[in-house]
């Protein structure tokens with residue numbers, strides 16, 4: 001799996017679509033078409049689009065893997081998707097703020 005091209009989200013609710021775009025090396029609009037909408041994405045929609053059989057796990061992924069992460073607002077009101085790329089988080093919102101804690105993730109690739 002080659003390094004992803006960073007995709008910055010252009011909509012308020014397209015973080016999941018942008019994570020899929022980075023994984024599949026496609027643009028945000030193509031990912032929106034693949035998911036079927038530009039709104040909030042469910043675990044199942046992201047999991048299916050990523051084409052992985054990895055179970056959804058609690059906590060933060062280990063180093064050395066590629067994983068899709070779901071961050072949850074501590075108040076439980078909002079969620080946000082990011083891509084864990086081997087040793088760092090790629091945040092499609094790219095707002096420079098501290099991210100909420102990772103609530104769950106699933107592994108896409110075990111390659112170092």
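Considering only residues that are touching a residue at least 60 places away in the same chain (Cβ under 8 Å) and part of a strand (DSSP E or B), which ones fall in the range 76-105?
Correct list: 80, 81, 82, 83, 85, 90, 104.
Taking the range 9-23 on its own, how many of its residues are out of contact with any helix residue (DSSP H, G or I) (no Cβ under 7 Å at 6 or more places or on another chain) and surrounded by fewer than 22 Cβ atoms within 10 Å (Cβ to Cβ)?
The number of residues fulfilling the criteria is 3.
Output the residue which, of all residues in the range 51-75 that are free of Cβ contacts under 8 Å to residues at least 24 places away in the same chain and over 10 Å from residue 100 (Cβ atoms), is surrounded by the fewest Cβ atoms within 10 Å (Cβ to Cβ).
The residue in question is 53.
Computed from the coordinates by the stated procedures, all read-outs in this text should not be read as laboratory data. Predicted model only: the values in this text are computed from it and were never measured. Every residue, glycine among them, receives a Cβ derived from its backbone with ideal geometry; neighbour counts consider all protein chains shown.
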